[in-house]
Amino acid sequence: MIDFKIFSIYSDTPQAKKAAELFADEIKIRTGGNAAFCETKENSNFMFETAADIARDAYKINCTERAVTVYASGIRGFIYGFGMFLRKIVPVCGVPVLTEDITGEYAPDKSIRGHQIGYRTTPNTYDAWSYEDYRRCYLDLMFFGSNIVEHIPYEKGVSKRNRLMKYDEEEFLVRATEMADEFDLDVSLWHPNNDGETVEQAAERRGKLYSTLPRLNVVFPPGGDPGEFDADEFVARCSEISKALKKVHPNAQMWPSAQKPHSIPTWGETFIEEMEKLPVEIDGVIHGPNHAFDLETLRRRLPSKYPIRLYPDITHNVRCEYPVHFDRDDWHFALTTGLSRECTNPRPREYRQIHRLTRRYVVGSVSYSEGITDDVNKAVWSDMDFFPDCDLRTTLLDYARLFFYGSDPEMIADGILSLELNWQCDPAENPTIDRTLETFELIGAKYPFLSENWRYLQLLMRAKCDWVVRNRRLFELELIRLAEKEIANGSLDTAKTVLETDFSEAYKKERADISALAQKLFELIGLQSDIENYCADNWERGAVLETIDLPVTDRKWLLGRIDAAKDSNNPAEYMKKIIARNTVRPDEYYFSVALNGLEECGVAQTGEIYMNFQGDRPNVNTGEMPTAMFKVYDNLTFKCKVGGLDYDGDYKLKITFCDKKIPALNAHKITANGNVVYCGPQFGGEKDEEYDRMMLAPGFETAAYTIPKEFIENGCVDLEFSEPFMGIMFTEFWITHD
């Protein structure tokens, strides 16, 4: 066993010496001890030796009984090498000890491995950072094999600097690229084409900016999101900007993305036509959210000359490219409401599945990221880009040893895996949530030094958020059960008293802890958990304090309905209708996207579903919306198989639609067992404004249609809703024989 009571470090070149200094700093952070630098190998127990025959992104490690040697051709490989060492050490009696022999040759599977860390107002963290924070981030990313970082200039040619930002965005770029160059870390710029500029103006302005940057390897203009140029003009602009880029950075590359503007349905076909002309100014194509083609289709259609880089969204949970449970989109509405789009979201298993589905088509990836909330996902994704078949738990153990040095890596890794399990099913039915919080609280009690570790604190805060959502839901569901009994008996005042019951002291403590952790995380790393106090860009951007207290049951809605009932002719009957809102007879059917889930449709949906979730919108989920309406299904088609319709007569189909209408659309279609029930303008059908006022949230309306009994086959019906241009946007439907 190598004795690392004192690190005696040897290096043979200036690049190796730089790596040795960085390594010594890392050892001091972990052990508090100082490393010694040696002039000869004989007295060293850790060596950096240059090997020109090793590829730039590769490295070699040799462990003997007395020393560890890292071989690389430059600073990049040396950082990867000593990063691997740091991933495999634990303290034993205060001395770092390797957990395993790491001798071997290491080379990455993918040539592009990185993350977007743009300094702008949108992220939940980056805009509060200093240059030293970015330098720290670069190294942390490289320890898991990243070789590129992506920055963002002014998005529309002007600064949007907020009160947290210490630097002008484009002044920041200069220093940020200098620091990247120090580590031989490639730099990409996400740089949209702007409306209002001629091609010449766009190329000139960008050329001037690019000339100020010490290092620039790639420019990435998105085709859409943002951007509204036709594909032919987009490609032409990219070509001209590429010429300006290569005048100042001759080896830099132009990689536009095949992300289409929503307003141009034919954009993708035109883009392929332009790329088939093989423009020499373009070096590759990026695939990301709001894409013109799915990844497999893009690879089939795009000339093989152009490699594809993936732009995976690893930061968002809903209304995004890869929502939680992306293959079925069934993240429970209560969790979606409380935690929203950009909370701390370790999803290692799910991103492993996504990586396996995508990796055969791409040369690598630079992820979409908006701060620290996806920190675990960054490590997992980078490790898979380097080691495609790496063991997931091994990666998490490495993450724990690297960033939680001195604590129990097994507990940390299992805690992270448990956080992902917290998001299975209805939180009221998931006791894992309670056990996960216990795990992280035990870790904190056992290792008090973690109270200053932002990675630990954000995992603890997530565990507490899950607990609060679960326990509020359990508490309120019981209140609703008791209140509905009183409503059924006509005792509305008693029902209201029940529903207004206050939370327990235990609940209030955990909720207060979340606010305290939010403040601590802002102080430590700049995490912005709300708009007013911490300058979050908006409620979607990691601002969990804006959503954590939103309704996750019908408690507040029922209280509002009790108040509304006072203005009705018969309040008791009014409220009986309210609590029977979703109730149907045995030979009828009710379906809510939020309450039932797409898996109950009995058939897989086709196309790319967008779940336009409403529950986490503070201006929507105010108590006016029942939970049944929290999920708006948005797709060109919807299909559902229904049985048990045994009534000997016509049925009525009533659908709740999002009331956004486009007068020009004239192909809204509903079929039952292939028979046309309705075809025409949105939405057709019979209206019931009184019902809508009573039962729906603002912004929605119902439409009712007749399903003739001859359309139903022995009680069974295959329903299909479709609209070929803008799609169907609905929340629920009833099939009744009233």
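Of Glu523, Glu532, Glu540, which residue is over 22 Å from Thr501 (Cβ atoms) and not in a loop (DSSP other than H, G, I, E, B)?
Result of the check over Glu523, Glu532, Glu540: Glu523.
Give me a count of the residues in the range 664-702 that are within 37 Å of the chain's Cα centre (by Cα) and among the β-branched types (Val, Ile, Thr).
3
Listed here are the residues, each with its yes/no results for (1) over 15 Å from Asp329 (Cβ atoms); (2) modelled with pLDDT of 95 or more; (3) β-branched (Val, Ile, Thr).
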| residue | (1), (2), (3) |
| --- | --- |
| Lys566 | yes, no, no |
| Ala580 | yes, yes, no |
| Glu599 | no, no, no |
| Asn619 | yes, yes, no |
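Does Lys110 satisfy being among the basic types (Lys, Arg) and within 28 Å of Asn217 (Cβ to Cβ)?
Judged against the criteria, Lys110 is a match.
Does the range 61-79 contain at least one residue that is out of contact with any helix residue (DSSP H, G or I) (no Cβ under 6 Å at 6 or more places or on another chain), at pLDDT 95 or above, over 30 Å from Ala536 (Cβ atoms) and in a helix (DSSP H, G or I)?
yes
Conditions: (1) without any contact (Cβ under 8 Å) to a residue 24 or more places away in the chain; (2) under 30 Å from Trp255 (Cα atoms); (3) more than 33 Å from the chain's Cα centre (by Cα). Gly77 meets all but one. Number of the miss?
Here Gly77 clears every test but (3).
Go through (1) under 23 Å from Ala536 (Cβ atoms); (2) at pLDDT 95 or above one by one and return the number of the condition Leu173 breaks.
Unmet condition: (1).
Filter the range 140-151 down to the residues that are within 21 Å of Arg120 (Cα to Cα) and out of contact with any strand residue (DSSP E or B) (no Cβ under 7 Å at 6 or more places or on another chain) and list them by number.
Result: Asp140, single match.
Can you confirm whether Tyr651 is of a type in the set (Ser, Thr, Tyr) and in contact with a Leu (Cβ under 9 Å, 6 or more places away or on another chain)?
Taking the combined requirement at face value, the residue satisfies it.
Hey, any hits in the range 38-45 for a residue that's within 16 Å of Arg401 (Cα to Cα) and either out of contact with any strand residue (DSSP E or B) (no Cβ under 7 Å at 6 or more places or on another chain) or not basic (Lys, Arg) (or both)?
No, the range 38-45 contains no residue that is within 16 Å of Arg401 (Cα to Cα) and either out of contact with any strand residue (DSSP E or B) (no Cβ under 7 Å at 6 or more places or on another chain) or not basic (Lys, Arg) (or both).
Please state which one of Lys260, Lys208, Lys243, Lys277 is more than 28 Å from Ser130 (Cβ to Cβ) and without any contact (Cβ under 8 Å) to a residue 12 or more places away in the chain.
Lys277
I'm told Ser407 meets every condition in (1) buried (at least 24 other Cβ atoms within 10 Å of the Cβ); (2) among the small types (Gly, Ala, Ser); (3) outside the structural domain of Cys137 (by TED's automatic domain parsing) except one. Can you identify the failing condition by its number?
Every listed condition holds for Ser407 apart from (1).
Being part of a helix (DSSP H, G or I) and either in contact with a Gly (Cβ under 7 Å, 6 or more places away or on another chain) or surrounded by fewer than 19 Cβ atoms within 10 Å (Cβ to Cβ) (or both) is the filter here, so list the residues in the range 1-17 that pass it.
Pro14, Gln15, Lys17
Taking Pro724 and the conditions (1) under 24 Å from Ala628 (Cβ atoms); (2) touching a strand residue (DSSP E or B) at 6+ places or on another chain (Cβ under 9 Å), which numbered condition does it fall short on, given that it satisfies the others?
Pro724 satisfies all of (1) under 24 Å from Ala628 (Cβ atoms); (2) touching a strand residue (DSSP E or B) at 6+ places or on another chain (Cβ under 9 Å) except (1).
Which of the residues spanning the range 323-382 are among the basic types (Lys, Arg) and either touching a Ser or Thr at 6+ places or on another chain (Cβ under 8 Å) or closer than 28 Å to Cys601 by Cα (or both)?
Arg328, Arg341, Arg347, Arg349, Arg352, Arg356, Lys378
Between Val620, Val717, Val632, Val642, which is under 20 Å from Tyr610 (Cβ atoms) and touching a strand residue (DSSP E or B) at 6+ places or on another chain (Cβ under 9 Å)?
Of Val620, Val717, Val632, Val642, the one residue that is under 20 Å from Tyr610 (Cβ atoms) and touching a strand residue (DSSP E or B) at 6+ places or on another chain (Cβ under 9 Å) is Val632.
Conditions (1) touching a helix residue (DSSP H, G or I) at 6+ places or on another chain (Cβ under 6 Å); (2) over 27 Å from Ile148 (Cα atoms), marked per residue:
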{"position": "Pro346", "(1), (2)": "yes, no"}
{"position": "Val362", "(1), (2)": "no, no"}
{"position": "Lys378", "(1), (2)": "no, no"}
{"position": "Phe403", "(1), (2)": "yes, no"}
{"position": "Gly406", "(1), (2)": "no, yes"}
{"position": "Leu417", "(1), (2)": "no, yes"}
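Tell me, which residue of the range 367-404 that is under 14 Å from the mean Cα position of the chain (by Cα) and not in a helix (DSSP H, G or I) is surrounded by the fewest Cβ atoms within 10 Å (Cβ to Cβ)?
The extreme case among them is Tyr368.
Within the range 343-366, track down each residue that is polar (S, T, N, Q) and either crowded, with 23+ Cβ neighbours inside 10 Å or out of contact with any strand residue (DSSP E or B) (no Cβ under 7 Å at 6 or more places or on another chain) (or both).
The answer is Thr344, Asn345, Gln353, Ser365.
Please determine, by comparing only the residues of the range 470-523 that are of a type in the set (Asp, Glu) and over 26 Å from the mean Cα position of the chain (by Cα), which one is surrounded by the most Cβ atoms within 10 Å (Cβ to Cβ).
Taking the candidates together, the pick is Glu476.
Only residues in the range 590-618 that are over 26 Å from Asp738 (Cβ atoms) count as the first member; pair them with residues that are aromatic (Phe, Trp, Tyr) and part of a loop (DSSP other than H, G, I, E, B), Cβ under 7 angstrom, at least 6 apart or cross-chain, and list the lot.
Between residues of the range 590-618 that are over 26 Å from Asp738 (Cβ atoms) and residues that are aromatic (Phe, Trp, Tyr) and part of a loop (DSSP other than H, G, I, E, B), the close pairs are Phe613/Phe630; Gln614/Phe630; Gly615/Phe630; Pro618/Trp539.
Take the range 555-605 and flag every residue that is among the aliphatic types (A, V, I, L, M) and over 17 Å from Leu479 (Cα atoms).
Residues satisfying the conditions are Ala564, Ala565, Ala572, Val584, Val593, Ala594, Leu595, Leu598, Val603, Ala604.
Could you tell me which of the residues Asp57, Asp101 is in contact with a Ser or Thr (Cβ under 9 Å, 6 or more places away or on another chain), assigned to a loop (DSSP other than H, G, I, E, B) and acidic (Asp, Glu)?
Asp57
Using the structure shown, decide if Thr69 is free of Cβ contacts under 8 Å to residues at least 24 places away in the same chain, of a type outside the set (Gly, Ala, Ser) and either surrounded by fewer than 23 Cβ atoms within 10 Å (Cβ to Cβ) or within 28 Å of Ile412 (Cα to Cα) (or both).
Yes, satisfied.
May I ask you to say which residue of Lys641, Lys631 is among the basic types (Lys, Arg), modelled with pLDDT of 95 or more and surrounded by fewer than 17 Cβ atoms within 10 Å (Cβ to Cβ)?
Lys641
Name the residue that is farthest from the chain's Cα centre (by Cα), counting only residues in the range 410-427 that are outside any helix (DSSP H, G or I) and buried (at least 21 other Cβ atoms within 10 Å of the Cβ).
Within the range 410-427, the match that is farthest from the chain's Cα centre (by Cα) is Asn422.
Looking at Thr702, Thr706, which is the one that is in contact (Cβ under 8 Å) with a residue 40 or more places away in the chain and within 19 Å of Val632 (Cα to Cα)?
The conditions single out Thr702.
Go through (1) under 19 Å from Asp3 (Cβ atoms); (2) modelled with pLDDT of 95 or more one by one and return the number of the condition Thr40 breaks.
(2)
The values are calculated or read from the model by the stated rules, or taken from the named source; none is laboratory data. The structure presented is a predicted model; accordingly, all values stated were derived computationally and were not measured. We place every Cβ from the backbone using ideal geometry, glycine too, and count neighbours over all the protein chains shown.
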